[in-house]
């Protein structure tokens, strides 16, 4: 079932001024990402995402993140998604093109500060046993992003924090580590 909303409803849920919501919806309509559903009776017009529009949204379930890892990574990605979107940031799975030299798991953008963020979702096994050197290397391979954020469960996040502390101070400020407990964000 398609998720429908009115301009008023979207404005109330997002806290965005209704005139801005209207402008954004019309822009999305021009791109084919939303369409208007006209009511049979007098009343507000409803907007609905098209199939193309749904493709641009970050997934709402863990299985939508299987391209970046197993069950643990998928859960971590959902925690990251929730955090960034709740702050009003852009968030998406990054392109996972095999020919790219450096692939990040997800990307975020802080509109207010103008900061582009690379996001690495790290499973505990990846950090604690398998690829410590790769994690360290990713801390230094930030370009073209302004910052890199690592998301992991507590023990792995502690290890990432140790690796971060080995960096030069000017590099440390570009690296942030987020620890997630099994039941959610710390």
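What's the number of the condition residue 72 fails, among (1) farther than 23 Å from residue 171 by Cα; (2) modelled with pLDDT under 90; (3) touching a strand residue (DSSP E or B) at 6+ places or on another chain (Cβ under 9 Å)?
(2)
Conditions (1) in contact with a helix residue (DSSP H, G or I) (Cβ under 6 Å, 6 or more places away or on another chain); (2) crowded, with 18+ Cβ neighbours inside 10 Å; (3) in the same structural domain as residue 120 (by TED's automatic domain parsing); (4) not in a strand (DSSP E or B), marked per residue:
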| residue | (1), (2), (3), (4) |
| --- | --- |
| 144 | no, no, yes, yes |
| 150 | yes, yes, yes, no |
| 158 | no, no, yes, yes |
| 163 | yes, yes, yes, yes |
| 171 | no, no, yes, yes |
| 180 | yes, yes, yes, no |
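Taking the options 99, 71, name whichever one is outside the structural domain of residue 26 (by TED's automatic domain parsing), within 16 Å of residue 180 (Cβ to Cβ) and without any contact (Cβ under 8 Å) to a residue 12 or more places away in the chain.
None of the other options fit; the residue is 71.
Can you name the condition, by its number, that residue 125 falls short on among (1) farther than 15 Å from residue 83 by Cβ; (2) within 17 Å of the chain's Cα centre (by Cα)?
It is condition (2) that residue 125 fails.
Taking the condition surrounded by 14 or more Cβ atoms within 10 Å (Cβ to Cβ), in contact with a helix residue (DSSP H, G or I) (Cβ under 7 Å, 6 or more places away or on another chain) and either on the phi < 0 side of the Ramachandran plot or at pLDDT 90 or above (or both), does residue 79 pass?
no
Could you tell me which of the residues 11, 53, 64 is at pLDDT below 80, part of a helix (DSSP H, G or I) and surrounded by fewer than 17 Cβ atoms within 10 Å (Cβ to Cβ)?
From the options 11, 53, 64, the qualifying one is 64.
If you check residue 118 against the conditions, is it in contact with a strand residue (DSSP E or B) (Cβ under 8 Å, 6 or more places away or on another chain), part of a strand (DSSP E or B), without any contact (Cβ under 8 Å) to a residue 40 or more places away in the chain and surrounded by fewer than 20 Cβ atoms within 10 Å (Cβ to Cβ)?
Spelling it out, it is not the case that residue 118 is in contact with a strand residue (DSSP E or B) (Cβ under 8 Å, 6 or more places away or on another chain), part of a strand (DSSP E or B), without any contact (Cβ under 8 Å) to a residue 40 or more places away in the chain and surrounded by fewer than 20 Cβ atoms within 10 Å (Cβ to Cβ).
The values are calculated or read from the model by the stated rules, or taken from the named source; none is laboratory data. Here the structure is a predicted model, which is why all the values come from computation and not from measurement. Reconstructed Cβ throughout: ideal geometry from the backbone, glycine too, with neighbour counts over all protein chains shown.
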